[in-house]
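Can you read through this structure? Questions will come right after.
The values are calculated or read from the model by the stated rules, or taken from the named source; none is laboratory data. Just so it is clear, the model here is predicted, and its values are computed rather than measured. Note: ideal-geometry Cβ built from the backbone for every residue, glycine included; neighbour counts use all protein chains shown. In case anyone asks, the SASA skips ligands and DNA or RNA and just uses the protein heavy atoms, side chains included. Shrake-Rupley method; radii C 1.70, N 1.55, O 1.52, S 1.80 Å.
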Amino acid sequence: MSDQHTLRLFGNTMQDIELAALLLKQGKLVAFPTETVYGLGASAFNPEALRKVFEAKGRPADNPLIAHISSIDELELLSDDVSDDARKLAEAFFPGPLTIVLPAKSTVPKEATGGLDTIAVRMPNHPIALSLLSMSGPLCAPSANVSGRPSPTNVYHVLEDLDGKIDAILDGGQCTVGIESTVVRLIPTPMILRPGMISAEQIEKVLGKPVGIVQKHEHAIQSPGMKYRHYSPKALLHLCGTHEEFELFSRRLPQAMKISGHVTTQFGDIFPLKESTYYDILRSADIKGVKDIIILFTEEERIQKPALFNRIEKALSKE
Ligand code: TXA
Ligand code: MG
C-alpha cells in the first residue's frame, strides 16, 4: 500500500461521509476524526483490511486495535459477555473518551485482538464519526499516525504520516480532547491500562468499587501496545520537575523549544502544557527542526494531569 492517491473527503457533507462508509465496506482504509485523535478506520470484521492497517502504520502485529461503534447495542456484535459493570460504564461514558476491554466474540478476527481473547471497544463522541459508523458498521481504528509518532489531532498530521498509504481521509477539523481514550479492563478486577481524560475516580464512582491503574513495569503484560516507545517527536525531550531545573535547562539549551503550564516570558516563547495541543506542538517542533524540547511539569501538575504525564513518560522511554 504505497504511492496511491489518498482521497480528501469532507465531514461536513453527507455525500462524503457516505462515500467514506462505502470505501470502508469495500475493505479500504479511511482516516476519520474522533473527539480524542484521528483514527485509521478499517472494517472490524474484514481481516484483510485490518492487516493493511498494520502495514500502513508499521504497527507491531501483537498490538491489538480498538473497535469503534455507533450505539451501545453494537457491543453485542463484538462480545457475548457484556457484564453489568461494562454496561454501567457504557451507559455513563458512551459516547466519550473511554475504551472498555471485553471478552471477544469468536467471530472477531484475530487481527483486531492481536491474538488475545479480548476486544477493546469505544463509542466516540464526534458527530462525523458517529454518522460514519452508523453507515459502515463497527470499525477498528488505531490512531492514524505512523507507529511511534505523536497521534494526529488534525488532517495535516494524518497526511504528514500516511499520505499515499491510505485510501481516503475524512476531514473533521481539529480534535477537541487531543489525547487518546482511557482504556479500562474489568476482568478479573477493574484496571486502567492507559490513562485518559476519563479518570479512575470517575470510573470508581460509576462502578462503586476501586479501580487500579496499571504500573509502568506491568504495561507489557497488561496491554500489549503500552510496551512500545510512543508519542515521540524527533527532538530530545528534557522533563523538568521544578522551575529551577527548567531555568537551568533553558540557559544550557537556548535554542530549545519550551513547554510549560506556567506563564512566564523570561526565557522566550513558551508553549502551553495541555492535552488539547500537546501533540500538535510536538509535531510543529519536528517541522521546525527543533533539536531539544524542555518541558516543565511539576509534581503537582503530574497528579492533576496523569494522562498527559503518561504520554510524556512514554515519549521518554528507551524501549
Ligand atoms: O482515543 C483513542 O482510543 C484513539 C481513537 C482513534 O479512538 N485510538 C487509539 O488506538 O488510541 P491505538 O490503537 O493507538 O491504541 C490502542 C490501545 C493500545 O495501547 C492497545 O494495546 C490497547 O489499546 N488495547 C487494544 N486492545 C486491547 C486489549 N484487548 N487488551 C488490552 N489492551 C488493548
Ligand atoms: Mg496509537
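Hey, could you pull the Cα Rg and Dmax for the chain, both in Å?
Calculated on Cα positions, Rg and Dmax stand at 19.4, 59 Å.
Quick one: with all protein chains in place, what share of the accessible area of the chain is carbon or sulfur, to the nearest percent (1.4 Å probe)?
The nonpolar share, carbon plus sulfur, comes to 54 percent.
Now for a separate question. Convex hull over the Cα atoms of the stretch 236-316, averaged projected area in nm²?
4.8 nm²
On to the next question. Could you name the aspartates and glutamates whose alpha carbon sits less than 18 Å from that of LYS205, not counting residues in the same chain fewer than 8 places away?
Excluding near neighbours in sequence, the set is ASP84, ASP85, GLU91.
Only residues of the stretch 57-91 count here: report those whose backbone N is under 11 Å from the spot 7 Å along Cα→Cβ of SER134, or say none.
70-71
Another one. Grab the DSSP H runs of the chain that are 4 residues or longer, score each as -39,500 (n - 2.57), total them, divide by all residues and round the 222 nm result to the nearest 500 deg cm²/dmol.
-9500 deg cm²/dmol
Now a separate question. With 5 Å bins from zero, work out the P(r) of the stretch 111-250 over every alpha carbon pair and list the percent per bin.
With a bin width of 5 Å, the distribution comes to 2, 7, 13, 17, 19, 17, 13, 7, 4, 1, 0.
Now for a different question. Once you list every other residue whose beta carbon is under 12 Å from the beta carbon of GLY196, what net charge do they have if Lys and Arg are +1 and Asp and Glu are -1?
So the environment of GLY196 carries a net charge of +1.
Right, here's the next one. Taking the Cα centre of the stretch 7-213 as origin and charging only Cβ (+1 Lys, Arg; -1 Asp, Glu), how large is the dipole, in debye to the nearest 20?
Taking the Cα centre of the stretch 7-213 as origin, the dipole is about 300 debye.
Still on this structure: Using Cα positions and a limit of under 12 Å, work out the aspartates and glutamates in reach of LYS274, with same-chain residues fewer than 8 apart set aside.
Here the aspartates and glutamates satisfying the reach criterion relative to LYS274 are GLU301.
Also, quick follow-up: Under 20 Å from a point 7 Å along the Cα-to-Cβ line of LEU236: which residues of the stretch 270-288 have their amide N that close?
282-288
Which residue, ILE295, ALA120, LEU50, has the largest displacement toward the positive end of the dipole of the chain when charges sit on each Cβ (Lys, Arg +1; Asp, Glu -1)?
Value computed over the given set: ILE295.
Next up: So which of LYS57/LYS258; LYS209/LYS314; LYS25/LYS57; LYS209/LYS305; LYS57/LYS105; LYS25/LYS209 end up more than 31 Å apart by C-alpha?
Going by Cα-Cα distance, LYS25/LYS209 fall outside the 31 Å limit.
How far is helix 306-316 tilted, in degrees, relative to the longest principal axis of the Cα atoms in the chain, given as a value from 0 to 90 rounded to the nearest 10?
Once rounded, the angle reads 80 degrees.
While we're here: Please calculate how many Å² of accessible area the stretch 112-216 carries per residue, with a 1.4 Å probe and no DNA, RNA or ligand atoms counted.
Accessible area per residue: 35 Å².
Follow-up. Relative contact order of the chain: what whole-number percent is it, with Cα pairs under 8 angstrom and at least 6 residues apart?
20 percent
Return one number: the angle in degrees, 0 to 90 and rounded to the nearest 10, between the long axis of the Cα atoms of helix 275-288 and the longest principal axis of the Cα atoms of the chain.
In the chain, helix 275-288 runs at an angle near 70 degrees to the longest axis.
I would also like to ask the following. May I ask for the angle, rounded to the nearest 10°, between helix 47-57 and the longest principal axis of the chain, with both axes built from Cα atoms and the value confined to 0 to 90°?
Helix 47-57 and the main axis of the chain meet at about 10 degrees.
Please give the contour-minus-distance gain from SER276 to LEU248: 0.36 nm per residue of separation, less the Cα-Cα distance, rounded to one decimal in nm.
Here the segment from SER276 to LEU248 would lengthen by 7.3 nm.
Based on the mean of other beta carbon atoms within 10 Å per residue, what is the order of 4-11, 174-181, most packed first?
Peptide ranking by packing, descending: 174-181, 4-11.
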